[in-house]
Structures are given as C-alpha cells and as structure tokens.
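The values are calculated or read from the model by the stated rules, or taken from the named source; none is laboratory data. Just so it is clear, the model here is predicted, and its values are computed rather than measured. Neighbour counts run over all protein chains shown; Cβ positions are idealised from the backbone, glycine included. We work out accessible area using only protein heavy atoms, side chains counted, and drop any ligands, DNA or RNA first. Shrake-Rupley method; radii C 1.70, N 1.55, O 1.52, S 1.80 Å.
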Amino acid sequence: MINRRTFTKAVGLGLGATAVTAGATPAAQAAPDHPSPAVPTVVPTVTPGTRTAFTDLKRVRAGVLDIGYAEAGPEDGPVVVCLHGWPYDIHAFVDVAPLLADAGYRVIVPYLRGHGSTVFRSAATVRNGQQSALALDLIALLDALGIDRAVLAGFDWGSRTAGIVAALWPERVKALVAVSGYLVVDLAAQRRPLPPKAEHTWWYQYYFATERGRLAMETRENRHDLCRLVWSETSPTWAFDEATFERTAAAFENPDYAAVVVHNYRWRLGLADGERRYDRYERLLAARPAVTVPTIALDPALDPFLAGTDGSGYRRFFTGPYEHRVLDGVGHAAPQEAPTAFARAVLDADRL
C-alpha cells in the first residue's frame with residue numbers, strides 16, 4: 001500500500017496529483033470520520049428513472065483536473081463517493097444519491113476525466129485513460145475537498161478506480177462497494193485471447209484499437225450511436241427511454257472524451273503507452289494487491305461481461321470483511337438499473 005507520507009512525496013516529484021480549492025481543508029488535517037448514521041431498516045424502493053437531475057453541481061481544482069461533480073446530503077455527514085463508468089456519467093447515480101443523502105450521508109458524484117464538466121487544467125497534459133491516472137484523480141479529489149476517508153462505490157471504470165484506491169490507499173477508504181468485484185487490469189493477462197464469445201462482448205475495445213474506431217469516437221453522431229448500442233447490449237432488460245440516454249450523452253461532448261476513452265482501451269491491450277509518472281503505481285498493481293477494507297461485491301446477473309456471478313473468480317483478492325451479492329435481473333449499469341439495491345449495499349458495507 002502507499003501511505004499518505006509517501007503519496008505526498010510523490011506529488012512533490014510530479015508523480016501524483018495535487019489539489020487546491022478555496023476553503024478546502026488539507027486531507028492530512030481533516031477532521032476525524034463522522035460516525036455512520038443509524039442504518040435504515042428499509043431503504044425506500046425507487047423505480048429507476050424517478051429522478052432526472054442533480055440540483056447541486058460544483059467544480060473543484062484537483063490535481064491535473066478541474067473536476068465537475070454533483071453533491072447531495074448534509075455537509076457534515078459521512079462521505080460516500082460514487083464513481084461511474086463508460087459509457088455512462090454521473091446520472092448513473094441520480095436515483096441512488098437521494099437515498100444515501102436521506103440516510104444522512106454526504107454524497108459526492110464526480111465526472112471522470114474526459115467526461116462532462118471535468119476538464120484538464122493544461123493543454124500539455126496527456127489525455128491518459130490508464131487505471132492509475134484515474135485512481136490518482138480520486139485521491140486528488142478527496143484532498144481537494146478535505147475528505148480524509150470515504151465509502152467508495154462504483155461500477156465499470158468507477159469500480160476499478162475505487163478498488164485501486166482501496167488497495168493502494170486503504171487509510172482513505174472506510175468501505176467499498178465494487179460492482180463486478182476485483183477489476184484491477186492485469187496487463188500480462190490481457191495479452192492472452194479470451195474465448196470467442198467473451199471476445200465478441202468486448203467488440204468496441206478492439207474497434208477502438210483501430211483508427212476507424214478512433215475516428216468514430218471523434219464523430220458526434222457515431223459516438224452517440226455507438227454508446228447507445230453499448231447500453232442496449234450490456235443491459236438487455238433495462239427499458240431506458242431516450243431522454244435518459246440523452247442526459248448522459250451530453251457528458252460525451254467533453255473535448256477530451258474520445259482521447260481518454262480510446263487511450264484507456266488501447267492501453268489495456270498494450271497498444272498505447274502509459275506515462276512514466278504512473279509507472280510506480282502500475283508496478284504495484286501488477287502484483288495484484290489485496291483489498292483489505294470492508295467490501296460488498298455486487299454481480300449483476302445479466303451483465304454480459306461476467307463469466308459467472310458467484311464471485312469465486314475474485315474472492316481471494318478481498319481479505320477484509322466481505323460480502324457478495326447477486327443483482328437478479330440487472331445488467332451492467334447496476335446503480336441506474338437497481339438504485340435501491342445499490343444504495344442498500346453502500347449502507348451495509350459501511351457497517352461490515
């Protein structure tokens with residue numbers, strides 16, 4: 001793991017992320033954790049799509065980014081950070097956030113780099129999508145907001161990012177909700193082909209490896225239609241309407257969206273280099289570090305990316321208090337398809 005002192009030194013060497021915001025308290029001096037609220041015996045059942053927007057949108061300078069994020073709940077409540085994936089945005093948690101806020105949590109939902117209102121502070125910064133870069137973005141956000149520890153909950157890229165922070169900086173993570181379990185990219189394993197059916201599911205990853213795919217992502221209409229197709233394929237029973245998709249599609253208009261997304265998938269396949277500033281963290285991740293913090297792993301039963309839903313393939317990576325749950329009838333976009341179950345998992349993880 002990387003402790004706070006080591007990370008601060010890395011920041012000074014330009015290897016990590018820095019964070020500055022007006023009125024923010026440095027994380028090293030942040031107040032102790034707020035006690036967890038009393039657990040509601042019942043989380044209200046919410047129909048997906050009940051909410052359509054966040055009412056409190058903010059921005060903060062954090063590391064190499066100006067991060068746009070939504071916030072809900074009491075300012076003095078214990079913190080939950082909810083992290084979206086691709087091709088999604090903060091609206092994946094638009095129904096989850098009010099449930100957590102009503103339970104007494106301060107809920108932070110950031111746009112990942114290249115999405116929505118999150119922008120790079122310098123034109124010279126590489127539009128990098130590798131896993132450690134996103135993890136350091138999250139550390140920078142916590143520091144910028146003066147948050148010492150938080151419950152982290154995510155899916156897809158967000159689950160990977162949360163899991164990496166939990167593995168390398170466990171002192172910053174009170175508990176973890178990880179959709180699809182342990183998602184740290186194993187670059188060596190990525191070189192080996194999957195069974196054909198599994199490879200077919202990842203078609204867009206290989207599309208992005210081509211210049212044709214890159215150009216498609218840079219073209220608004222193709223980008224829009226490609227992302228909508230992925231939604232339909234990965235969530236086969238989710239009857240989302242056009243307005244729901246369009247609210248998220250607006251986040252794809254970020255000028256760095258295509259570059260970050262394409263780099264992410266090319267890097268995973270060994271077709272694009274990472275940055276040397278992240279080499280240290282990638283070496284640690286290559287060792288497949290365990291997650292020691294309390295964790296609830298969620299496997300959506302209809303997620304086409306899962307080889308199985310019993311969690312046995314990744315169980316060994318979670319060495320702290322742990323629980324595994326299956327979300328029946330749910331596809332890849334777990335928090336948006338099953339907001340009540342997702343919120344319940346967050347509350348329960350905080351008390352494992």
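Taken as a whole, the range 208-231 holds no residue that is hydroxyl-bearing (S, T, Y) and either in contact (Cβ under 8 Å) with a residue 24 or more places away in the chain or touching a Pro at 6+ places or on another chain (Cβ under 8 Å) (or both). Within the range 96-138, the only residue that satisfies the criterion of being aromatic (F, W, Y) and within 13 Å of G63 (Cα to Cα) is F120. Determine whether the range 124-147 contains at least one residue that is charged (D, E, K, R), farther than 29 Å from T319 by Cβ and either touching a Pro at 6+ places or on another chain (Cβ under 8 Å) or open to solvent by 10 Å² or more (accessible area, probe 1.4 Å) (or both). Checked the range 124-147: at least one residue is charged (D, E, K, R), farther than 29 Å from T319 by Cβ and either touching a Pro at 6+ places or on another chain (Cβ under 8 Å) or open to solvent by 10 Å² or more (accessible area, probe 1.4 Å) (or both). Here the range 302-334 is the region considered, the condition is being part of a helix (DSSP H, G or I) and of a type in the set (K, R), and the residue that is least open to solvent (accessible area, probe 1.4 Å) is R315.
Flag not set for P294, criterion: modelled with pLDDT of 95 or more and within 17 Å of the chain's Cα centre (by Cα). The residues of the range 272-301 that are of a type in the set (G, A, S) and surrounded by 20 or more Cβ atoms within 10 Å (Cβ to Cβ) amount to a single one, A297. Taking the numbered list (1) touching a helix residue (DSSP H, G or I) at 6+ places or on another chain (Cβ under 8 Å); (2) modelled with pLDDT of 95 or more in turn, A307 passes all entries but (2).
Table: residues versus (1) more than 20 Å from the chain's Cα centre (by Cα); (2) open to solvent by 10 Å² or more (accessible area, probe 1.4 Å); (3) within 30 Å of L229 (Cα to Cα); (4) at pLDDT below 95.
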| site | (1), (2), (3), (4) |
| --- | --- |
| T8 | yes, yes, no, yes |
| A30 | yes, yes, no, yes |
| F54 | no, yes, yes, no |
| C82 | no, no, yes, no |
| G85 | no, no, yes, no |
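Identify all residues within the range 269-301 that are within 24 Å of K174 (Cβ to Cβ), outside any strand (DSSP E or B) and hydroxyl-bearing (S, T, Y); write none if there are none. Scanning the range 269-301 gives Y281, T292.
Taking the listed residues T237, T244, T248, the one that is loosely packed, with under 13 Cβ neighbours inside 10 Å, of a type in the set (S, T, N, Q) and within 30 Å of D350 (Cβ to Cβ) is T237, with no other qualifying.
I need the full set of residues from the range 66-101 which are in contact with a Pro (Cβ under 9 Å, 6 or more places away or on another chain) and assigned to a strand (DSSP E or B), in order please. Within the range 66-101, I67, G68, Y69, A70, A72, V81, C82, L83 meet the criteria.
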